[in-house]
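What follows is a short report on a single structure.
The values are calculated or read from the model by the stated rules, or taken from the named source; none is laboratory data. In this text the structure is predicted, and so the values were computed from the model without any measurement. Cβ atoms come from the backbone with ideal geometry, glycine included; neighbour counts cover every protein chain shown. Only protein heavy atoms, including side chains, enter the accessible area calculation; ligands, DNA and RNA are left aside. Shrake-Rupley method; radii C 1.70, N 1.55, O 1.52, S 1.80 Å.
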Amino acid sequence: PTRKVGLLFLMPFPSWQGIVTFISSATVLSYGTGPVVLMTLRKTMPVDQYRRPYLLSRGMLISSLAFIISNFIIFWSGSSTVTFLFELILAFTVIYIAYEAVAGDGIGSLHWSGAWWLAPYFFGLWLITDLAPKDLTGGTGALSQLAASLILVVFSIAILFVAMKSGMPDPEEAK
């Protein structure tokens, strides 16, 4: 039984490299939200009101660069990996929403206002990767490498601002 379950989980991947690329991209995507959290908390919970034991100097600059770099890592993982990653995220999001609607506290209990930016972020990152050059990401080649890279940087900065704006103004959970 253990072997069959293991094979079931390995089935979607064509090779060991495919598994590693997917897991790396998923990890970078999850860590990529860290800069957004830091920047949002800096805005909603100012240092003069909420003391911290450690304060990252130049946190806004470092967070911005980290977010852009994480998006490039996901971009470079390739169109097929990014497509599979976001398809899984979409599938599990639908399952989660259905669960909340049926067995949970209802869809109204979900805090959409702080997370709505994830939908355009995921879609935009997928679209840029899919339109990138075939030899770089396996995309359609509608964009050159330079154009795709510049669009990705501008897109990342725009998403950062949108994400910070959607942050809860006074997050009780953080106090």
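Points to keep in mind about this one:
- The residues on offer are ILE69, ILE19, ILE23, and the sole one that is without any contact (Cβ under 8 Å) to a residue 12 or more places away in the chain, surrounded by 11 or more Cβ atoms within 10 Å (Cβ to Cβ), of a type in the set (Val, Ile, Thr) and under 20 Å from LEU150 (Cα atoms) is ILE69.
- Test: residue in the stretch 55-66 that is open to solvent by less than 80 Å² (accessible area, probe 1.4 Å) and among the basic types (Lys, Arg): no
- Screening PHE155 on (1) over 17 Å from the mean Cα position of the chain (by Cα); (2) hydrophobic (A, V, I, L, M, F, W, C); (3) open to solvent by less than 50 Å² (accessible area, probe 1.4 Å) shows it passes everything except condition (1).
- MET39 being surrounded by fewer than 17 Cβ atoms within 10 Å (Cβ to Cβ), in contact (Cβ under 8 Å) with a residue 60 or more places away in the chain and among the hydrophobic types (A, V, I, L, M, F, W, C): no
- Flag if PRO46 is open to solvent by less than 70 Å² (accessible area, probe 1.4 Å), farther than 20 Å from LEU131 by Cα and in a helix (DSSP H, G or I): no
- Those residues of the stretch 82-122 which are in a helix (DSSP H, G or I) and within 17 Å of VAL36 (Cα to Cα), in sequence order: TRP112, SER113, GLY114, LEU118, ALA119, PRO120, TYR121, PHE122
- For the stretch 106-122, filtering for residues that are touching a helix residue (DSSP H, G or I) at 6+ places or on another chain (Cβ under 8 Å), surrounded by fewer than 13 Cβ atoms within 10 Å (Cβ to Cβ) and modelled with pLDDT of 90 or more leaves 0.
- Lone unmet requirement of (1) modelled with pLDDT of 95 or more; (2) surrounded by 12 or more Cβ atoms within 10 Å (Cβ to Cβ); (3) not in a loop (DSSP other than H, G, I, E, B) for VAL162: (1)
- Residue pairs whose Cβ atoms lie under 9 Å apart, sitting 6 or more positions apart in sequence or on different chains, and linking a residue in the stretch 81-105 that is over 30 Å from THR137 (Cα atoms) and open to solvent by less than 100 Å² (accessible area, probe 1.4 Å) to a partner that is part of a helix (DSSP H, G or I) and not small (Gly, Ala, Ser), are ILE97/ILE107; GLU100/ILE107; ALA101/ILE107; GLY104/TYR96.
- Residue check for LEU110: under 14 Å from the mean Cα position of the chain (by Cα) and either among the aliphatic types (A, V, I, L, M) or closer than 22 Å to THR27 by Cα (or both): no
- Index of the failed condition, PHE86 passing every other in (1) of a type outside the set (Lys, Arg); (2) within 12 Å of the chain's Cα centre (by Cα); (3) closer than 30 Å to GLN49 by Cβ; (4) at pLDDT 90 or above: (3)
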